[in-house]
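**Q** The structure that follows is given in the form of structure tokens.
The values are calculated or read from the model by the stated rules, or taken from the named source; none is laboratory data. None of these values were measured; they are calculated from a predicted model. All Cβ positions, glycine included, derive from the backbone under ideal geometry; neighbour counts span all protein chains shown. Remember, those area values only see protein heavy atoms, side chains included, never the ligands or the DNA or RNA. Shrake-Rupley method; radii C 1.70, N 1.55, O 1.52, S 1.80 Å.
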Amino acid sequence: MKYFSSKLSIFALILLAGFFTLTSQGCGKKGCMDPDSLNYDPDATKDDGSCEFNPEIMAHFHSHFGADALTYNQNYTLSSGRKVNLSLAQFYVSGMKLTDGGSGYSFDDTYLLVKGDQTVYELGSADPGQYTGFTFDVGVDSAANHSDPSTYETSSALSPQSPSMHWSWSSGYIFIKIEGMADTSAAGNGAVDYPFELHVGMDAMLRNVSLSQALDATLNNEVEIGMVIDWSQFFNGIDMTTPFTTHTMDNMPVAMKVADNVSSAITLE
Amino acid sequence: MPAAPFIRQAMLALGISLILSSCRQDDLLRMPMYEPYPLELPPGFPDMPVPDDNPLTTRRVALGKKLFYDPLLSIDSTVSCATCHLQNLGFTDGNRVSEGVHGGLGFRNAPALVNLAWNEDYMRDGGVPTLELQVLAPVAAEVEMGINFKELVDRLNLDPTYPQLFREAFDRDEVDAFGITRALAAFERILVSGNNPYDQYRFQGKTEALNASEQRGMLLFESNELGCTHCHGGFDLRKNGFENNGLYAQYVDSGRTRVTLNPDERGKFKVPSLRNVAVTAPYMHDGSLTDLWQVIDHYASGGKGHPNQSEFITGFTLTTTERTDLYNFLHALTDQDFLQNPAFSEE
């Protein structure tokens with residue numbers, strides 16, 4: 001009984017306190033009531049729809065193989081006439097920045113794992129502005145490249161992934177991972193029977209992509225940057241009549257080609 | 001209506017919040033989660049470097065030990081860390097190269113796990129900078145445990161005991177990669193060996209710890225002519241760094257070059273500690289030397305003359321007695337306490 005009454009007394013006190021706070025603020029102040037907004041008014045008691053938010057930036061990466069949309073495990077013919085299919089195609093993106101004449105807007109500490117079967121990626125909000133382009137690196141910048149994957153939140157692209165995007169024996173990320181089957185016969189007879197792996201990493205393999213496009217990032221808007229990845233471009237210059245698998249260290253020439261093909265593989269939509 | 005109970009409650013709440021906010025370092029250490037692991041370093045050892053994000057706590061060490069001996073960490077639940085790192089063999093496996101899941105053979109000899117906290121690099125080529133990061137390697141390696149780390153995290157979260165143990169050892173809700181790597185590394189740091197007869201002779205003033213032959217072997221080992229201590233010197237009988245000890249004229253395993261791509265480092269391997277070396281056969285990165293006689297003869301021969309071979313590998317001539325003395329001395333580096341310490345054994 002005693003316990004019960006003490007509970008009651010606390011309840012009464014809270015009610016009383018609440019009453020005073022409410023009345024002391026005055027009634028019906030209009031304003032923006034969303035604490036995540038730029039103009040949040042803590043005194044507002046009635047939302048008047050005036051909330052302002054920074055523009056949200058979205059990157060759309062449309063995966064193609066030549067002229068077709070990419071489907072995993074489907075045979076495609078390269079311009080050389082050679083057949084190939086992909087079972088996995090993904091790369092890291094870091095150092096993303098919206099450019100303008102000045103310092104632009106950098107998405108610091110934002111990393112994407114761009115996958116052949118996913119198109120839409122949220123970069124987060126940016127300062128409003130008239131931007132003239134979008135630039136980023138394919139791969140992971142050297143500071144993060146040598147960091148410990150187990151220190152990242154599970155939601156981060158840099159945390160351990162399945163399939164793995166990290167070389168544990170050299171403590172670095174796999175920047176680009178493309179796997180599938182290819183026809184390696186000298187004549188290109190159409191037998192897609194060679195399982196290949198293109199695993200490209202190491203600091204020196206980081207490649208910049210700079211795209212020019214007017215991006216009008218105004219308050220309360222969502223800005224979409226549309227891009228195309230033509231995965232067939234990654235095979236440019238690789239002699240596919242030899243076993244061309246690379247894990248970078250064991251086949252540097254092929255790894256280098258794959259990295260250098262980044263610029264022709266990624267274009268504006 | 002009596003106000004007294006309310007006041008009492010308020011006082012209590014105030015008291016608790018005061019205690020919480022005045023929580024100093026010593027108070028933290030007294031909380032079970034942060035209770036430090038009682039570790040006593042052997043005489044002659046420098047302080048143990050421990051990373052800020054992984055204090056040596058009793059709970060982390062205990063959890064790390066459980067993980068170390070658990071085959072659940074491999075894809076088909078057949079291989080644990082201890083499959084290749086057995087305590088009675090100084091945490092090596094006695095094989096030329098190790099066998100992992102599905103009978104897969106690796107390409108290197110499993111190194112001893114001893115006094116790892118003082119190492120600056122891990123793996124024979126030094127590709128891994130911290131003990132925490134090292135954990136990712138055997139788990140993922142197809143010829144070792146062969147399981148994706150993310151899948152391992154999911155697997156341990158479904159286990160009836162692990163989630164609770166992780167919550168008790170870390171200020172986190174569930175099993176995650178951070179906890180697995182920190183716990184295993186914490187256990188590995190307590191694998192300290194510093195009580196072999198040579199330690200007793202050198203650091204504990206026990207002159208009778210080494211017999212006459214072992215003492216003569218020690219003088220040979222420490223001599224300029226043999227030069228062993230250029231690389232295997234100091235409190236841990238090793239120095240940090242990589243050397244080419246002239247094992248081959250041409251190396252199949254490029255060693256340090258594998259991670260640096262620098263051709264001048266071809267055939268350079270991490271200098272191993274010689275602690276417990278009598279029980280860690282076979283020897284070298286590829287397990288190619290089967291016993292310590294072969295090791296002595298290799299160094300006596302002056303090496304195969306690889307361009308990167310160290311200037312300290314020059315060759316020497318020993319009498320039959322001297323050869324035996326050096327062999328006996330290497331056997332005096334065996335620390336029985338370490339090989340039998342129940343704190344390191346499976347429970």
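**Q** Which is part of a loop (DSSP other than H, G, I, E, B), buried (at least 17 other Cβ atoms within 10 Å of the Cβ) and either of a type outside the set (Ser, Thr, Tyr) or touching a strand residue (DSSP E or B) at 6+ places or on another chain (Cβ under 6 Å) (or both), of B:Gly64, B:Gly44, B:Gly126?
**A** Every option except B:Gly126 fails the conditions.
**Q** Just to verify a result, which residue in the stretch B:129-141, among those that are facing chain A (nearest Cβ under 9 Å) and among the aliphatic types (A, V, I, L, M), is surrounded by the most Cβ atoms within 10 Å (Cβ to Cβ)?
**A** Only one residue tops the list, namely B:Val135.
**Q** Okay, next question. Of all residues in the stretch B:300-320, which are open to solvent by 50 Å² or more (accessible area, probe 1.4 Å), in contact with a helix residue (DSSP H, G or I) (Cβ under 8 Å, 6 or more places away or on another chain) and either closer than 18 Å to B:Gly217 by Cα or small (Gly, Ala, Ser) (or both)?
**A** Correct list: B:Thr317 only.
**Q** Can you confirm whether the stretch B:284-303 contains a residue that is over 28 Å from B:Leu105 (Cα atoms) and part of a loop (DSSP other than H, G, I, E, B)?
**A** yes
**Q** Name the single residue, out of those in the stretch B:200-231 being touching a helix residue (DSSP H, G or I) at 6+ places or on another chain (Cβ under 8 Å) and not in a helix (DSSP H, G or I), that is farthest from B:Asp325 (Cα to Cα).
**A** Per the criteria, the residue is B:Lys206.
**Q** Among the numbered criteria (1) more than 14 Å from chain A (Cβ to nearest Cβ); (2) surrounded by fewer than 17 Cβ atoms within 10 Å (Cβ to Cβ), which single criterion is violated by B:Phe107?
**A** All conditions are met except number (1).
**Q** Taking the stretch A:169-193 on its own, how many of its residues are open to solvent by 40 Å² or more (accessible area, probe 1.4 Å), away from chain B (no Cβ under 14 Å) and among the aromatic types (Phe, Trp, Tyr)?
**A** Selection size over the stretch A:169-193: 0.
**Q** I'd like to know if the stretch B:145-159 contains one or more residues that are under 29 Å from B:Asp337 (Cα atoms), of a type in the set (A, V, I, L, M) and open to solvent by less than 10 Å² (accessible area, probe 1.4 Å).
**A** no
**Q** Of everything in the stretch B:34-72, what is of a type in the set (A, V, I, L, M) and more than 14 Å from chain A (Cβ to nearest Cβ)? Give them in sequence order.
**A** Within the stretch B:34-72, B:Leu39, B:Leu41, B:Met48, B:Val50, B:Leu56, B:Val61, B:Ala62, B:Leu63, B:Leu72 meet the criteria.
**Q** Only helices (runs of 4 or more DSSP H) wholly contained in the stretch B:142-196 count here; list those with 2 or more residues that are at the interface with chain A (Cβ under 10 Å from one of its Cβ atoms) and either of a type in the set (D, E, K, R) or more than 22 Å from the chain's Cα centre (by Cα) (or both).
**A** The qualifying helices (runs of 4 or more DSSP H) are B:149-158.
**Q** State the number of residues belonging to the stretch A:59-84 that are in contact with a helix residue (DSSP H, G or I) (Cβ under 8 Å, 6 or more places away or on another chain), within 28 Å of A:Leu98 (Cα to Cα) and aromatic (Phe, Trp, Tyr).
**A** Residues flagged as in contact with a helix residue (DSSP H, G or I) (Cβ under 8 Å, 6 or more places away or on another chain), within 28 Å of A:Leu98 (Cα to Cα) and aromatic (Phe, Trp, Tyr) within the stretch A:59-84 amount to 1.
**Q** So for the stretch A:145-168 (the condition being acidic (Asp, Glu) and away from chain B (no Cβ under 12 Å)), does at least one residue qualify?
**A** No, the stretch A:145-168 has no match at all.
**Q** For the stretch A:130-144: of the residues being more than 14 Å from every other protein chain (Cβ to nearest Cβ) and open to solvent by 60 Å² or more (accessible area, probe 1.4 Å), which is nearest to A:Gly101 (Cα to Cα)?
**A** By that ranking, first place goes to A:Thr132.
**Q** Related question: Looking at the stretch A:86-94, is at least one residue under 30 Å from A:Met181 (Cβ atoms), in contact with a helix residue (DSSP H, G or I) (Cβ under 9 Å, 6 or more places away or on another chain), open to solvent by 70 Å² or more (accessible area, probe 1.4 Å) and in the same structural domain as A:Asp230 (by TED's automatic domain parsing)?
**A** Looking through the stretch A:86-94, none of the residues is under 30 Å from A:Met181 (Cβ atoms), in contact with a helix residue (DSSP H, G or I) (Cβ under 9 Å, 6 or more places away or on another chain), open to solvent by 70 Å² or more (accessible area, probe 1.4 Å) and in the same structural domain as A:Asp230 (by TED's automatic domain parsing).
**Q** Still on this structure, please answer the following. Just the residues that are hydroxyl-bearing (Ser, Thr, Tyr) and under 17 Å from the mean Cα position of the chain (by Cα), please, taken from the stretch A:133-152.
**A** A:Thr135, A:Tyr152
**Q** Looking only at residues that are open to solvent by 20 Å² or more (accessible area, probe 1.4 Å) and among the hydroxyl-bearing types (Ser, Thr, Tyr) in the stretch B:73-87, which one is farthest from the other protein chains (Cβ to nearest Cβ)?
**A** Ranking the candidates gives B:Thr78 first.
**Q** It is to be established whether one or more residues within the stretch A:113-129 are in contact with a Pro (Cβ under 7 Å, 6 or more places away or on another chain), polar (S, T, N, Q) and in contact (Cβ under 8 Å) with a residue 40 or more places away in the chain.
**A** yes
One line per residue, one yes/no per condition, for (1) open to solvent by 40 Å² or more (accessible area, probe 1.4 Å); (2) more than 24 Å from B:Asn224 (Cβ to Cβ):
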| site | (1), (2) |
| --- | --- |
| B:Gln250 | yes, yes |
| B:Asp253 | no, yes |
| B:Leu261 | yes, yes |
| B:Asp264 | yes, yes |
| B:Leu274 | no, no |
| B:Trp293 | yes, no |
| B:His298 | no, no |
| B:Arg323 | yes, no |
